[in-house]
Amino acid sequence: MHKTLSRQLTRELGVPSGDLTALCEELKRLASASDVDGNIAGAVGGLERLLGRIGATYEQYDRNLELRTRSLDLISEELLEANRELQVQLAVREKANAEYVSALRFSDALMNAMPIAVFFKDREGRYLGCNSTFSDIMGVSNEEIRGKTVFELWPSAMAEIYHRKDLELMKNPASQRYEFEVKDRFGKIRPVIYAKDVFRDDRDEVAGIIGAFIDISKEKQQQAQLEQAAHYDALTGVPNRVLLADRMRQALAQIQRGGGLMAVCYLDLDNFKPVNDSYGHEIGDRLLAEVAERLRDCLRGGDTVARLGGDEFVLLLLGLTCRDECETTMMRVLESLKTPFALLGTSVLITASVGVSLYPDDDSDADTLLRHADQAMYLAKQLGRNRMQIFDHEENRRARHQRETVERARIALERGEFVLHYQPKVDMRRNSITGVEALIRWAHPDRGLLPPIEFLPWIEDDDFIAELGDWVIGEATRQTGEWHALGLNIPVSVNVAARHIQRPDFVERLGSHLAAHPELPHGVLRVEILESAALDDISSVSRVIEACHALGVGVELDDFGTGYSSLTYLRRLPVDALKIDQSFIRDMLEDREDLAIVEGVIGLADAFKMDVIAEGVETVEHGVMLMSLRCDLAQGYGIARPMPGAAVAEWAAGHRPHPSWQLWASKCLEHEHLPLMLAQYDHIKWVQRVIEDLEKPGVAPSGEELTNPHQCRFGHWYDRDGHRSFGHLSEFREIAPIHRRVHEIGAEVLACRRGGDPSRAKELCQELLVLKNQMLDKLAALQRAAGAPL
């Protein structure tokens, strides 16, 4: 009997469980006896069956209970496992949330640290936010602009432009980039470069606009300063050679379109050097400024007065109807200059000689017109000075010579008479060879080895220049392959003429030359493009430059500073480096205007993240000055002359930097100390000129520049800039007596040389050298006291 049923019957009947069991057994026995009433037996049987069914029910209940218990246990385990997984997921989510918050904070910090103003707008043009740079410039906080439109924040004219640009962007979701002017919180107008684009939601639909702008005020200011320094003469304020060339190009184009007559007048003062030597540089400079003013007064508004340097001026007369007008104007100029100049209490008399070339009578290009006028000016001097001479052009002879030169060059290319020499480029600060420039030479069978100036000017305007340029690229690539096989991996740059780079197949041919030497590393070939050639068709040239980059070919802008470029043009030319023209480098230690241009170009290259290479480094002093200006890459005769390809490896193995450059390797000069360094160079140069005069009479200083310590270039610095900057220092005051003694000994040296006593002159030179070194020691002490690098 089921134990549960037994307990219940015991509880209901009051019979112990053992007796109940016995009773059931007894009833079963009696029911089976034959003499028992059938009804009783049936009742007993029914009772037994009933108890059996009840017991089976209890057993089924027990089984169901056990199943439920096991099910509950399984469910409990699953719930516990689910709870554990939920705890893990919650921990992961908490970590992710923490990382997301950290990322947001980092993003906000990064945005606010950027020097670029950044803002966001929704689809309706309402601001979503901005960074701190935007707030600093525009004078509104992130909270103030959120939810507002441009019409609620900015002046209506500015807001209209912003709104129109936003609508264009939303209509045509392509990034925008344009220059604009914004008014900052102080009311100042700032030039900026804007960049805008759309951002999208998770359904890839446009969700709003992200924009940014950067203040380019400094770049614009630097552009203005560079253009002023590059195109105007610092002493007289009139245009210089560069701007003159541009105006001549414009005038030539105008005459070619509409006719007319132009006069190029080359003016040189007669006997200016004696005036300069007698009265000193200050009077000489004032005289040049007064001459420029008188020249301007003699000309009409549309004419140009330009100074080429020294006492040389060019007058550009436009809109002439006949030669007589030019002659009348030049006579007026000569008469004006004959009137005495009153300068610092001194009356100075001067005359001038003028050479003239007339266009289109002299149907030449700008450079040739200027050269012809120069030649006519020298003829005027030979004929007695203080007069005008018009150039008699022999155009037929020149044209014939050009045709003959081109034809002879074609034959020379077929015969293999052209060769390449290579001039090294170095990093002066790091003492490394950065590359070589391939320079063409003509091994002429009759005239010997000709430099490019002897033949390239005659063929550069002919289509043959492209054929010759293609040979140069092929030969330079072949030579580079030979060096590579020797383990010498030096980048090679080749000059590309304007006509060559404009050829439709230029990039294809360039790629073919590279493909012929697959062993060459990426970037080993570079091309140099003249600045003037790049500006002729800036869009086309830009595409060619991009194609060169795709081939792994770098691009350098050659002779930079001689053209009429601007920041806008330069930004559109994706070149890798600027090469400062050697004309500026060569004279920068003597000509402060050239030095200013060099500084400007270096700053410009730095602003555009370009390398800058100085051409024409001829002396150690040039290199030191360039390193002090943070221009480390250079080439020139002071480093190495062009050499055959076979000599490059030996030169590279034996190359050693000059000790002075090694001293400057870890130093840079602050701009405020630049005049001090130039003054030191002026002192060294003055002494060198005195000593060299013993072998080459005439190169030494003369007049007051020799005898008066206040009239040499060093003296000018000492009395003016030097006194203002360092007059309070004892080291500065100790220089003056030594400097006076230098002039005394220098004058004695020349007096002995002129008096026929060279032995005594040489003895004094030794004393002069001792004084020079004493001066340099004192200048070094001054530099230390002033905190300038030595």
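Name every residue in region 215-256 that is out of contact with any helix residue (DSSP H, G or I) (no Cβ under 9 Å at 6 or more places or on another chain), among the hydrophobic types (A, V, I, L, M, F, W, C) and within 27 Å of ASP606 (Cα to Cα), in order of residue number. Across region 215-256, the qualifying residue is only ALA224. The criterion of at least 1 residues that are of a type in the set (Gly, Ala, Ser) and over 22 Å from the mean Cα position of the chain (by Cα) is met, among strands (runs of 3 or more DSSP E) falling completely within region 179-280, by 206-215, 261-270.
Just one of (1) more than 20 Å from ALA306 (Cβ to Cβ); (2) open to solvent by 80 Å² or more (accessible area, probe 1.4 Å) fails for ALA409. It is (2). Taking the conditions (1) among the hydroxyl-bearing types (Ser, Thr, Tyr); (2) within 16 Å of ASP268 (Cα to Cα); (3) loosely packed, with under 13 Cβ neighbours inside 10 Å in turn, SER347 satisfies each one other than (2). For first residues located in region 512-525 and more than 19 Å from TRP471 (Cβ to Cβ) and without any contact (Cβ under 8 Å) to a residue 24 or more places away in the chain, partners that are open to solvent by less than 70 Å² (accessible area, probe 1.4 Å) and in a helix (DSSP H, G or I) and lie 6+ apart or on another chain with Cβ distances below 8 Å do not occur. Out of all the residues in region 349-364, is one or more out of contact with any strand residue (DSSP E or B) (no Cβ under 7 Å at 6 or more places or on another chain), assigned to a helix (DSSP H, G or I) and either of a type in the set (Asp, Glu) or modelled with pLDDT of 95 or more (or both)? No: zero hits. Do we find that GLU414 is more than 18 Å from PRO642 (Cα to Cα) and either touching a Cys at 6+ places or on another chain (Cβ under 7 Å) or without any contact (Cβ under 8 Å) to a residue 12 or more places away in the chain (or both) in this structure? Yes, satisfied. In region 483-501, of all residues being more than 12 Å from GLY469 (Cα to Cα) and out of contact with any Phe, Trp or Tyr (no Cβ under 8 Å at 6 or more places or on another chain), the one that is surrounded by the most Cβ atoms within 10 Å (Cβ to Cβ) corresponds to SER493. Checking every residue in region 377-391 against the condition of being touching a Lys or Arg at 6+ places or on another chain (Cβ under 7 Å) and not assigned by the TED database to the domain that holds ASP611 gives at least one match.
The values are calculated or read from the model by the stated rules, or taken from the named source; none is laboratory data. Just so you know, these numbers come straight off a predicted model, no measurement behind them. Neighbour counts run over all protein chains shown; Cβ positions are idealised from the backbone, glycine included. Only protein heavy atoms, including side chains, enter the accessible area calculation; ligands, DNA and RNA are left aside. Shrake-Rupley method; radii C 1.70, N 1.55, O 1.52, S 1.80 Å.
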